[in-house]
Ligand code: GDP
Ligand code: MG
């Protein structure tokens, strides 16, 4: 099954998006010992596509984005075919966001950049800054209000 990882600094809403996309239909299917215990996986069904979604939240628990964490993350993402790079642009971009962006560039996997917490169209003004990260057009989503999820998944499917 194709794997898609959700990546981003703490608190941008990775787990909220993961839970929203997985829904209540599917239970978490894997919680491997070792490296991937920091990654929660669940089977997601979108239209006719079944895929494994990964919430990488557990990888980012350290205060610093250190070499050891990077290596763990690289192992965990080894078989991901695409990455959803999630940001919270309402707070402005942080150093952590830029570090993740730089790391993702070197990782060289297809990246779909998504702005979370865009709860209403009024918030779309926050998107402009995200173009500067160099991953193309950001998809506005709201994990909490289930906005933009179809657009996000269509963009992800382009890479599977
Ligand atoms: P994670 O650390 O990246 O996994 O982020 P969480 O999923 O735990 O979410 C962090 C906080 O952001 C929580 O308080 C969520 O309720 C909140 N949050 C997540 N998605 C949204 C959203 O779409 N809109 C708003 N307003 N808040 C959100
Ligand atoms: Mg989380």
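Remarks
- Taking all Cα pairs closer than 8 Å and separated by 6 or more residues, the relative contact order of the chain comes to 24 percent.
- Projected over all directions and averaged, the alpha-carbon convex hull of the chain occupies 8.7 nm².
- Likely footprinting exposure, 60, 131, 103, fewest C-beta neighbours within 10 Å first: 131, 103, 60
- Separation of segment 56-115 from segment 127-153 is 15 Å, based on Cα centroids.
- Distance in nm between pseudo-label sites at residue 128 and residue 151 (7 Å out along the Cβ direction from Cα): 1.7
- GNM flexibility winner over the chain from 91, 74, 137 (Cα, springs under 10 Å): 91
- Here the label points at residue 99 and residue 43, each 7 Å from Cα along the C-beta direction, are separated by 3.7 nm in the simple model.
Coordinate-derived values only; no laboratory data. As the structure is a prediction and not an experimental result, all values here were calculated from the model. Counting neighbours? That spans all protein chains shown, and the Cβs are built from the backbone with ideal geometry, glycine included.
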